[in-house]
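Okay, so here's the structure we're looking at.
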Amino acid sequence: MNNKQFETAKMCLKIVTPINISDGIVLGAKDYLYDSRRQKVYFLNLHQWHMFIYKHMLLKKYESYLANFRDKQSLLEWLRMQGYDIDDVRTVITSEAQATVNLMDNEKKKTLNDINRHIQQPDGSLYVPGSSIKGVFRTAILYSLLQKRQDVKVKYWRQIQEKISSNYFNPYKDFKELMSDLENELLHTLRLLDGDIRSNNAVCSAMRGLKVSDLPIDSIDDEWNDLVCSAMRGLQVSDTYASRKMQTAILQKVDGGLDKFVKASPKKLPIFRECMLPEAELFFDVKIEKAVMSTIGISSVDDLLKATHSFFAAVTDLLQQAFGKEYQEVFQGVAAGNMFLGGNTGFLSKTLLAMLAPDKDTAKNTIKVLLDKSFKNHKHLLRDKIIAPRTLKCTNYNGKLMLMGVAEVRKV
């Protein structure tokens with residue numbers, strides 16, 4: 001539907017490199033079945049699994065296994081010792097995923113440590129929340145607005161440096177507050193004026209039908225102000241839906257760093273994620289209220305996609321300048337995307353800090369101070385020599401090292 005007030009569009013989200021959006025559920029090695037021979041992980045319906053344990057009178061042995069678990073014996077090995085195998089528990093398996101990596105290159109490890117699962121619908125199908133996609137759009141719009149507001153960039157960069165140099169600097173609290181203030185200044189284009197709810201030539205649609213006397217105008221707090229004044233209310237993004245069931249894989253986190261000779265030195269970490277895989281496609285719907293979104297420079301879906309691609313290009317350019325020579329394979333095909341999405345995509349893809357700085361060196365020096373104060377054991381001041389943070393966020397898939405979280409969003 002396209003008219004003077006709204007534009008709606010069906011969108012396609014194509015996975016370019018593996019993506020994980022965590023549902024907050026982390027499964028320990030005793031919570032899933034890992035078959036290293038078949039290179040698969042089998043996820044369990046815990047209620048039905050426990051019913052299987054009761055039905056086959058395995059409760060005492062199972063309790064003993066859990067009590068003495070030391071990551072030496074996988075749950076599948078224990079099951080096989082009781083005389084059962086995968087085919088005997090098919091009814092309690094909800095889904096399965098590829099698992100083609102082991103923690104150590106030369107060791108057939110029997111578990112995959114903790115696994116961060118991808119978020120699912122109640123029926124078990126994978127999806128991407130609309131809020132996650134809208135969050136990427138929000139950051140991209142802020143980046144686009146900053147390109148036109150040098151005064152705002154200078155103002156907030158000065159505040160960031162003042163905060164970081166303070167002896168009382170609280171990395172999480174102070175940085176979050178600064179970014180919130182920045183967002184308010186750039187996105188809060190809708191105003192409460194003269195007893196009415198108005199924007200610059202745009203009526204706040206969420207408030208239509210309410211009388212001014214119904215609104216607690218005398219006691220507006222930050223949350224209420226966000227609700228009323230943010231132009232992002234003019235953008236609606238649905239959760240994704242897929243036309244077919246998607247395959248997933250359990251992939252290991254890899255930090256792509258540089259050694260003291262400035263050569264590629266990727267490091268595998270004992271962190272595993274269930275990921276959506278390249279070439280998969282999901283769909284979602286976008287609705288733009290033009291009068292509201294135009295106050296922040298977005299008058300169409302095309303404008304939204306242009307801003308999204310501009311921020312993505314800026315981040316990938318920073319990364320390529322630092323790592324492109326030694327990690328050429330990582331950037332192959334990345335240009336097909338236009339957004340970073342999900343977990344393990346890195347600090348630069350989720351914040352605007354580097355984009356506020358007057359130049360790359362100043363950005364690097366400030367970011368590494370911020371990160372050093374936030375994560376003292378990571379030695380950012382000492383090791384972040386070329387870029388901060390000093391690693392690419394990667395994974396291995398199909399024998400290739402890839403950046404995590406690259407997606408392409410387009411109109412259908």
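The values are calculated or read from the model by the stated rules, or taken from the named source; none is laboratory data. As the structure is a prediction and not an experimental result, all values here were calculated from the model. Heads up, the Cβs are rebuilt from the backbone with ideal geometry, glycines too, and the neighbour counts pull from every protein chain shown. Ligands, DNA and RNA are stripped out before the accessible areas are found, and what is left, the full protein with its side chains, is counted by its heavy atoms. Shrake-Rupley method; radii C 1.70, N 1.55, O 1.52, S 1.80 Å.
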remark   = Across 10 Å bins beginning at 0, the whole-percent shares of Cα-Cα pair distances in segment 328-385 come to 20, 41, 34, 5
note = In nanometres, the difference between 0.36 nm per residue of separation and the alpha-carbon distance of Asp302 and Gln147 is 54.0 nm
inquiry  = Taking the solvent-accessible surface of protein heavy atoms with a 1.4 Å probe, what is the per residue accessible area of segment 15-99 in Å²?
reply    = 54 Å²
key: Sequence-distant lysines (8 or more away, or on other chains) whose Cα lies within less than 24 Å of Lys173   = Lys134, Lys153, Lys155, Lys163, Lys350, Lys364, Lys368, Lys373, Lys376, Lys379
request  = Return the lysines within reach of Lys253: Cα separation strictly under 17 angstrom, same-chain partners fewer than 8 residues apart disregarded; answer none if there are no such residues.
outcome  = Lys109, Lys267, Lys268, Lys393, Lys400
message = Cut-off 10 angstrom, C-alpha nodes, Gaussian network model of the chain. Which of Arg383, Arg90, Arg138 fluctuates the most?
response = Arg90
task = Compute the FRET efficiency between Arg138 and Ser374 as 1/(1 + (r/R0)^6), taking r as their Cβ-Cβ distance and R0 = 25 Å, and round to the nearest 0.05.
result = 0.65
remark   = What the Cα atoms of segment 47-184 span along the principal axes, largest first and in whole Å, is 71, 37, 31
request  = For segment 180-186, just list the computed ³J(HN,Hα) in residue order, Karplus coefficients 6.51, -1.76 and 1.60, θ = phi - 60°, integers in Hz, with x standing in for Gly and Pro.
outcome  = 5, 5, 4, 4, 4, 5, 8
key: Where N is the number of residues in segment 1-69, Cα Rg divided by 2.2 N^0.38 Å   = 1.97
note = On the accessible surface of segment 116-177, probed at 1.4 Å with all protein chains in place, carbon and sulfur together account for a percent value of 48 percent
request  = Measure nothing but the geometry: give the 0 to 90° angle between the long axis through the Cα atoms of 360-374 and the longest principal axis through the Cα atoms of the chain, rounded to 10°.
outcome  = 60 degrees
query = So what is the relative contact order for the chain, in percent, with contacts set as C-alpha pairs under 8 Å and at least six apart?
reply = 28 percent
request  = Step through the residues of segment 277-291 one at a time and calculate ³J(HN,Hα) from phi using the Karplus curve (6.51 cos²θ - 1.76 cosθ + 1.60, θ = phi - 60°), rounding each to whole Hz and writing x for Gly and Pro.
outcome  = 10, x, 5, 5, 10, 10, 10, 8, 10, 10, 10, 10, 8, 4, 4
key: Centre separation in Å (Cα based) which lies between segment 1-57 and segment 223-272   = 15 Å
request  = For the chain, just list the percent of Cα-Cα distances falling in each 10 Å bin from zero outward, please.
outcome  = 4, 19, 25, 24, 16, 9, 2, 0
